[in-house]
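Novice: Below you will find the structure I want to go over with you.
Read-outs throughout are calculated quantities, based only on the coordinates presented, and are distinct from any laboratory measurement. Here the structure is a predicted model, which is why all the values come from computation and not from measurement. Cβ placement follows ideal geometry from the backbone for every residue including glycine, while neighbour counts extend to all protein chains displayed.
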Amino acid sequence: MTDTHGSATASAGTSPARRTSILDNSLIWFGAGVSVAEIMTGTYFASLGFARGLAAIVLGHVIGCTMFFLAGYIGARTRKSSMETVKMSFGRIGGQFFAILNVIQLVGWTSIMIYDGSISAAAAFPGAPWVWALVIGALVILWIAVGVENLGRLNGVAMALLFILTIVLCKVIFFSGAAAGGTLDDTFTFGAAVELAVSMPLSWLPVVSDYTREAEKPLGATVASTLVYGVVSVWMFVIGMGAAMYAGSSDIASIMVGAGMGLAGLLVVVFSTVTTTFLDAWSAGISSESVVGSAKGKWVAIGATVLGTAAAMIWVMDDITNFLYLIGSVFAPMVAVMIADFYFLHRSHERATFDWPNLVVWLVGFVAYRLLMNVDTPVGYTLIDMLGTLVLALMVGALRGKVRGRRGKSGGEAADREVSGGEAAQTR
């Protein structure tokens, strides 16, 4: 087994020569947080009342963003993409299994984001939704063509615009003088609300290392990415909750139109959709390189955008909660195993074809997650599932260490080795 704390050499899925600054990473994740999908998800919290809804949003994001940081720092330290870091725990082919699932879910996210953006844009400005889907898809392709390492100035302008416009949107919702509306009920429990809040940062776990791996300062960039995304995502959830409570509508586009924000509202919808969808499509391309080494990530990203645009024009995607929970059930236990290997056991199994013990631990975590979905707890079920999976992974890892120790004493040599950080950098 290999020590995971070395810096990786150039390989499929590792970062290019140019590094991104802390500001670059902050802008990337500001753009990810500002999205129509997050605002729409926030509308579900209105039934809890503002105080309990805000508490659920914050608690869920603290849980989700803690996992976000731990996943992102693995890529930042090893200079590996998200799916390349997965191979460190599950083996080469085992990692490819998760990479395939990740490409599929990222194409799904691309289509959902374009769909939400096109519907909202059509409500804010003349034009059929399919036309706006084409416009948004074309802009995402433009972002991809520029490339993540060259987006600094373009992202800076876009983020400044989005920041100003979301401040205006907050003013419209919270300072219009309207009394709080909405009906309080018990159909949406506090635990379910926490779980829904967790699901948004959780959905980025298989993606975050694709961007932190390129950072000049791994720790600083990962901390900044986590804090910026967490704060902005909470802000978007609160806007959605406030819209449902104070503006009397869960339709953000209609609120902006009613407030005379026609063109400004359109810019919020389009640019927020583009900056978030870009990350999904770009990471679909990066993940494809972990499946097929000869794949051209940028072209796959463009293909994912084309597919997502077509799907957004054809299918209705109004409720994505089940999609979010499916993502959580697959990737939450996966990341829990990775956290155990990297932070506690300091082991890498990337030279193995499959790491069956870790795959079995993941499967147990996956099944447990699906079962826990029927249990209501004050902190949701993702945290419980990840902690349980983490403990199981540590127990299995300790048992494997004892078995290897006995083999070593008898003169045998384990298939995996534990080496220094410098040697670990050469294992690929």
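Novice: By per-residue mean of other Cβ atoms within 10 Å, what is the highest-first order of 314-321, 222-229, 287-294, 234-241?
Specialist: So the peptides 314-321, 222-229, 287-294, 234-241, ranked by packing, come out 234-241, 222-229, 287-294, 314-321.
Novice: Mind pulling the angle between the C-alpha long axis of helix 129-146 and the longest principal axis of the chain? Nearest 10 degrees, somewhere in 0 to 90.
Specialist: Around 40 degrees separate the two axes.
Novice: Report relative contact order for segment 195-336 in percent, whole number only (criteria: Cα-Cα under 8 Å, sequence separation at least 6).
Specialist: 28
Novice: Find out how many positive minus negative residues lie around MET159, taking Lys and Arg as positive, Asp and Glu as negative, among other residues whose Cβ is under 14 Å from that of MET159.
Specialist: Net local charge, MET159 excluded: 0.
Novice: Within 9 Å, Cβ to Cβ, of PHE190, how many net charges do the neighbouring residues add up to if Lys/Arg are +1 and Asp/Glu are -1?
Specialist: Result for the local shell: 0.
Novice: In percent, how large is the relative contact order of the chain, given Cα pairs closer than 8 Å and 6 or more residues apart?
Specialist: This gives 36 percent for the chain.
Novice: Counting other beta carbons within 10 Å of each residue's own, what order do MET313, MET386, MET245 fall into, fewest first?
Specialist: MET313, MET245, MET386
Novice: Using a 10 Å cut-off around each Cβ, can you sort VAL86, VAL300, VAL403 from fewest to most neighbouring Cβ atoms?
Specialist: Going from sparsest to densest Cβ surroundings: VAL403, VAL300, VAL86.
Novice: Within a Cβ distance under 14 Å of LEU383, other residues only, what is the Lys/Arg minus Asp/Glu net charge?
Specialist: -3
Novice: Count the lysine pairs in the chain whose Cα atoms sit under 22 Å apart, keeping only pairs 8 or more residues apart in sequence or on different chains.
Specialist: 5
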